[in-house]
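Novice: A single structure is presented below for examination.
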Amino acid sequence: MNWIAEETERIGREISRLKAEGKKIVSSSSFQSHSIPLLHLISRIDNSIPIYFLNTGFHFAETIAYKNEISELFQLNTIDLHSATEKLFQKDSMDRFLYASEPTYCCFINKILPMDEVLKVNDVWIAGVRKDQTGTRSKFNEYEGGPHDTTRFHPILSWTSKMIHEYQTMFNLPVHPLESQGYLSVGCEPCTSKYISSERGGRWQGLKKEECGLHTDLVAKK
C-alpha cells in the first residue's frame, strides 16, 4: 500500500511547512472509527498538536471510553472542550433539552461556539472531513478559509471509505465499540441512530440536517 506512505509523507510535509511558518496548529476529532487514521497520522508526525474533542455532555459512554483509549494509545494531546452554557440552561420552554426541539441551536452552543473560541487564538485547523461523506464536504478544497483569519487544512479530503479501511487494517487500529452494533457515524447519543444508507445516514434521522455546523458555519463564506 504505497499510497499510505505517500500520503503520510505529503501530510507530514504540509504540517512541517505550516510549523516552519510559525503557525499555531490545532485539530479536532469526534473520535469515531473513521477519525482514527488521521489521529494516528498526527501522532506519528507531531503528537504535541492539540486535539480538541467537543464534549457536549450528550455522548455515548462508549465514545468517551474510546476517546480515552485512543488518546493514551497514540499519546495524543487531547483536550475536552465544553460549552459555556450550563445544561440547566439548555432547555426549551417545555423543559426539554434543546436536542429534542432545536437541534441546530443545540449544536451551535455545544460545538460551534466552543470551537470558535479556540480558533480565535490559533492559525490552522486540521479537520478530517472527506468529500465522500456529504454533499457539503464534496465541495471543499484541501485548504479553506476559516473564521478569524484562520486556515482550514483538510489533509484526507480525497480519501475514500475504502482507503480509511485499508489504513485501519494496515496499522490494526481499534474501532469504535458501537460500530459492530451498526453505528457507522457516532455523534451525540440522542441524535444518533444505527446505519441507514450511508456512513452518516444515522445522524439526525428524519431531519433535513446532515451537519452539526462545524463544517458549515466555521468556514469562510465565498
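The values are calculated or read from the model by the stated rules, or taken from the named source; none is laboratory data. Remember, predicted model here, so these are calculated numbers, not experimental data. Positions of Cβ are backbone-derived with ideal geometry, glycine not excepted, and every protein chain shown enters the neighbour counts.
Novice: For segment 54-70, give me the residue count where each residue is of a type in the set (A, V, I, L, M) and under 16 Å from Pro174 (Cα atoms).
Specialist: Of the residues in that region, 3 qualify.
Novice: Would you please list the contacts, defined by Cβ atoms under 7 Å and residues six or more apart or on different chains, that run from a residue in segment 42-53 that is farther than 19 Å from Asn68 by Cβ to a residue that is among the small types (Gly, Ala, Ser)?
Specialist: So the pair list comes out as Ile45/Gly12.
Novice: Give segment 88-114 a look and list any residue that's part of a helix (DSSP H, G or I), surrounded by 13 or more Cβ atoms within 10 Å (Cβ to Cβ) and of a type in the set (Phe, Trp, Tyr), or say none.
Specialist: Scanning segment 88-114 gives Tyr99, Tyr105, Phe108.
Novice: Return yes when Ser161 is over 18 Å from Thr134 (Cβ atoms), modelled with pLDDT of 70 or more and not aliphatic (A, V, I, L, M) and no when it is not.
Specialist: Spelling it out, it is not the case that Ser161 is over 18 Å from Thr134 (Cβ atoms), modelled with pLDDT of 70 or more and not aliphatic (A, V, I, L, M).
Novice: Next question, about the same structure. Determine the pairs where a residue that is more than 16 Å from Thr192 (Cα to Cα), located within segment 94-115, has a partner that is assigned to a helix (DSSP H, G or I) and not aromatic (Phe, Trp, Tyr) with Cβ atoms under 7 Å apart, the partner being 6 or more residues away or on another chain.
Specialist: Going by the 7 Å Cβ cut-off, the qualifying pairs are Tyr105/Leu98.
Novice: Next up: Answer yes or no as to whether Ser185 is under 27 Å from Arg44 (Cβ atoms), in a loop (DSSP other than H, G, I, E, B), hydroxyl-bearing (Ser, Thr, Tyr) and at pLDDT 70 or above.
Specialist: The answer is yes for Ser185.
Novice: From the list Ile42, Ile11, Ile51, pick out the single residue that is under 24 Å from Thr169 (Cα atoms), crowded, with 18+ Cβ neighbours inside 10 Å, modelled with pLDDT of 95 or more and over 16 Å from the mean Cα position of the chain (by Cα).
Specialist: Only one candidate passes the filter, namely Ile11.
Novice: May I ask you to list the residues in segment 14-39 that are out of contact with any strand residue (DSSP E or B) (no Cβ under 8 Å at 6 or more places or on another chain) and under 22 Å from Met170 (Cα atoms)?
Specialist: Answer for segment 14-39, where residues must be out of contact with any strand residue (DSSP E or B) (no Cβ under 8 Å at 6 or more places or on another chain) and under 22 Å from Met170 (Cα atoms): Gln32, Ser33, His34, Ser35, Ile36, Pro37.
Novice: Going by what's in this entry, would Thr136 be described as under 30 Å from His165 (Cα atoms), out of contact with any Leu (no Cβ under 6 Å at 6 or more places or on another chain), assigned to a helix (DSSP H, G or I) and of a type in the set (Ser, Thr, Tyr)?
Specialist: yes
Novice: Still on this model: Filter segment 82-102 for residues that are touching a helix residue (DSSP H, G or I) at 6+ places or on another chain (Cβ under 6 Å) and not hydrophobic (A, V, I, L, M, F, W, C) and give the result.
Specialist: The first filter runs over segment 82-102 and keeps only residues touching a helix residue (DSSP H, G or I) at 6+ places or on another chain (Cβ under 6 Å), leaving 83, 85, 90, 92, 98-99.
Those that are touching a helix residue (DSSP H, G or I) at 6+ places or on another chain (Cβ under 6 Å) and not hydrophobic (A, V, I, L, M, F, W, C): Ser83, Thr85, Gln90, Asp92, Tyr99.
Novice: Can you report the number of residues in segment 149-172 which are assigned to a helix (DSSP H, G or I) and surrounded by fewer than 17 Cβ atoms within 10 Å (Cβ to Cβ)?
Specialist: Within segment 149-172, the subset assigned to a helix (DSSP H, G or I) is 149, 161-171.
Narrowing the set further to residues that are surrounded by fewer than 17 Cβ atoms within 10 Å (Cβ to Cβ) leaves 149, 161-162, 165-166, 169-171.
Selection size over segment 149-172: 8.
Novice: Now, a different point. Would you please name the residue that is surrounded by the most Cβ atoms within 10 Å (Cβ to Cβ), looking only at residues in segment 115-148 that are charged (D, E, K, R) and in contact with a helix residue (DSSP H, G or I) (Cβ under 9 Å, 6 or more places away or on another chain)? Give the derivation first.
Specialist: We begin by selecting, within segment 115-148, every residue charged (D, E, K, R); these are 116-117, 120, 123, 130-132, 137, 139, 142, 144.
Now narrow it down to the ones that are in contact with a helix residue (DSSP H, G or I) (Cβ under 9 Å, 6 or more places away or on another chain): 116, 120, 123, 130-132, 142.
On the way: Asp116: 17, Lys120: 11, Asp123: 17, Arg130: 21, Lys131: 18, Asp132: 16, Glu142: 12.
Here the answer is Arg130.
Novice: Among the residues of segment 87-140, which ones are more than 22 Å from Ile49 (Cβ to Cβ) and among the aromatic types (Phe, Trp, Tyr)?
Specialist: Selection gives Phe89, Phe97, Tyr99, Tyr105, Phe108.
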